[in-house]
Amino acid sequence: MGRKIREKIKEYFMDDNKIETVNFDGLEYKIEDLTPRTLEGFNMLVKLQQEIAKVSYELRINQAAQKQISEELKVAIREDKIKHVEKEEE
């Protein structure tokens, strides 16, 4: 990872409005003590958590849409008087 990128990540975490420590695996770490490798790891975790939240949100939207379309399909089948296939007795 390039020096500028490492410094930007460190600036992000150490900005006055940002956090000074990070809790990981039940332990607290000072941002200023983190190495470039661990800064990159924390940055990746933050991005992954954001992506998971986004995917979770999209999943809920899609599930709601699926439910609505299923209800609309049930109404259409009933209104159009489409009969289901009867199971044959064996």
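The values are calculated or read from the model by the stated rules, or taken from the named source; none is laboratory data. These numbers come from a predicted model, not from an experiment. FYI the Cβ positions are ideal-geometry reconstructions off the backbone, even for glycines, and counts take in every protein chain you see.
Please go through region 28-43 and pick out each residue that is in a helix (DSSP H, G or I) and of a type outside the set (S, T, N, Q). Correct list: Ile31, Glu32, Asp33, Pro36, Arg37, Leu39, Glu40, Gly41, Phe42. Scanning region 16-37 for residues that are modelled with pLDDT under 75 and more than 17 Å from Lys47 (Cβ to Cβ) yields a count of 2. Glu89 meets all of the listed conditions (1) modelled with pLDDT under 95; (2) part of a helix (DSSP H, G or I) but one, namely (2).
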